[in-house]
Amino acid sequence: MAVPAIELKNITKTFGHIVANHKVSLSVMKGEILALLGENGSGKTTLMNMISGIYYPDSGEILIDGEEAVIASPKDAFDYRIGMIHQHFKLVDIFTAAENIVLGLKEEGPFDLEKVSARVREISEQFGFEIDPKKKIYEMSVSEKQTVEIIKVLYRGADILILDEPTAVLTPQETQKLFAVLRRMKDAGKAIIIITHKLHEVLEISDKVAVLRKGEYIGTLVTAETNETELTEMMVGKKISLNIDRSEPKNRQERLVVKDLDIMNRDGIKVLDDVSFTAYSGEILGIAGIAGSGQRELLEAIAGLQNISEGDIFYHDPRTGKTEDLKDKTPLQIRELGVRLSFVPEDRLGMGLVGNMDIVDNMLLRSYRKGHSVFLQRGEPRSLAERIIKQLEVVTPSAATPVRRLSGGNVQKVLVGREIAAAPTVLMAAYPVRGLDINSSYTIYNLLNAQKESGVAVIFVGEDLDVLIELCDRILVIGSGQVTGIVDARTATKEEIGLLMVKSHKAAAAKETESRGGNHAENR
């Protein structure tokens, strides 16, 4: 009988009174891809952190090739040929790929980078990577950086690989390339564990699926013998609908008009170049693009958080009927105009919430300027906090719990709930479901749909093209800071949007000249 490459037996891990994992048992064979599924707070990351040496289990056993292993540090994990590729890359920007790959390794005398580069090329040829060992990290795309991280663990001899949300920031084309690489690794006898929330990818790439719920192991299924509905029920413990009920836009009115917008960064480089579009009330306008293409800067400019080099942002106030120019106004001035822009930023703790403050105090951040004295009224924010906790099923001991003690997914729920509760006329949501499990994600999608149906202009920046196509009415695609197209979400394909995401300026200009780009969709 074949021995698993790695086997977990009755693994338990607690943090104070919180049980992160309780008697979890699962295994992965050589030449197998296992997908690990579970809601936020189900213990997936904690479990993987024990395999990779970041945490040590309170009880239970980890077996490598049938032998008990003691993994007390990441170095121990490497010694057992275990490598983890984290969602947030751990690379030095000014170093080359080759330099990052050998960083931290010990060798007698100076490193021979030519030999390192030759070994990197050898690994690349074996598994189908495309990478230049001498290229600097800051010159690389997101998928190239991910490639460096994967080669880094392969260079160290990893036979067991753990990938945390590996497709979160990849285009469909890059995802397919990654899957082709993973299949080659599998054929070479590697054992691979993938943490992901994208069920269609689970069904496409994995051989087996292990499900955790509230820290406990629910079961492992053969991927070919299951489906999205069954996996969701195992994760959540009840039946939920996986359909986004998209309604037709009604009473569309121009709410926000962006014209010829240019934004420069601190180094004088254009991050947005001649961006123009219109957001309408009663619709969801999606924004798609590779990470770092200017989506964040665009929303920050509308919210008054970015200086604009050129162009205009006009807001049509539905209450007064007036058109206001938002250019060069501060966020406070924009709010005083009655422009209620709710912004769920990419960096939720860096910009959206204060980690050391509790949930109630984070509600107060939205309205403290309305206080008439140094004594703030806490009743309303407390009731709002309780309502958000209940409606979005935030896992927290109480509304008085500091936000930093919540899991990433629950932090996101607090932020999204607070912004929607501000009753905006324009709701900008940047990656509002990043890190959320499928049940919580669909709750957010339904909330955004409810905002749309109440006449709000919703601008949704997302990473999952399947969701953008299913949720939005139109999708604006940004490539390298430029609008490369505006498409009808009801008829667009993932492949079409993916190609627009990587389109060059020349190609975009040629397309615009030929068929007026996305203007036909814009003017429908």
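Table for the structure above
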read-out: Output for segment 153-176, where each listed residue is in a loop (DSSP other than H, G, I, E, B), acidic (Asp, Glu) and under 20 Å from Lys44 (Cα atoms); value: Glu165
read-out: Long-range neighbours under 9 Å by Cβ, at least six apart or interchain, first residue without any contact (Cβ under 8 Å) to a residue 12 or more places away in the chain within segment 435-456, second buried (at least 22 other Cβ atoms within 10 Å of the Cβ) and in a helix (DSSP H, G or I); value: Ala450/Ile420
read-out: Test: Ser276 is polar (S, T, N, Q) and over 21 Å from Asn449 (Cβ atoms); value: yes
read-out: Residue count for segment 215-249, restricted to those that are hydrophobic (A, V, I, L, M, F, W, C) and assigned to a strand (DSSP E or B); value: 3
read-out: Residue check for Asn227: at pLDDT 90 or above, surrounded by fewer than 22 Cβ atoms within 10 Å (Cβ to Cβ) and more than 22 Å from the chain's Cα centre (by Cα); value: yes
read-out: Per-region count, segment 100-114, residues out of contact with any Phe, Trp or Tyr (no Cβ under 9 Å at 6 or more places or on another chain) and at pLDDT below 90; value: 10
read-out: Pairs, first in the same structural domain as Asp93 (by TED's automatic domain parsing) and without any contact (Cβ under 8 Å) to a residue 24 or more places away in the chain in segment 125-141, second surrounded by 18 or more Cβ atoms within 10 Å (Cβ to Cβ) and among the aliphatic types (A, V, I, L, M), C-beta under 6 Å, six or more apart; value: none
read-out: Any chance Ile82 is farther than 30 Å from Ala2 by Cβ and assigned by TED's automatic domain parsing to the domain that holds Val153; value: no
read-out: Residue among Val354, Val414, Val360 that is outside any loop (DSSP other than H, G, I, E, B), modelled with pLDDT of 70 or more and surrounded by fewer than 21 Cβ atoms within 10 Å (Cβ to Cβ); value: Val360
read-out: Residue in segment 271-294 that is surrounded by fewer than 20 Cβ atoms within 10 Å (Cβ to Cβ) and over 30 Å from Thr493 (Cα atoms) present; value: no
read-out: Test: residue in segment 330-347 that is at pLDDT 80 or above, in the same structural domain as Tyr431 (by TED's automatic domain parsing), under 26 Å from Tyr280 (Cβ atoms) and among the acidic types (Asp, Glu); value: no
read-out: Residues (touching a strand residue (DSSP E or B) at 6+ places or on another chain (Cβ under 8 Å) and in a loop (DSSP other than H, G, I, E, B)) located in segment 485-500; value: Ala489, Ala492
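The values are calculated or read from the model by the stated rules, or taken from the named source; none is laboratory data. The structure displayed is predicted, hence computed values, not measured ones. Using ideal geometry, Cβ is built from the backbone for each residue, glycine included, and neighbour counts are taken over all protein chains shown.
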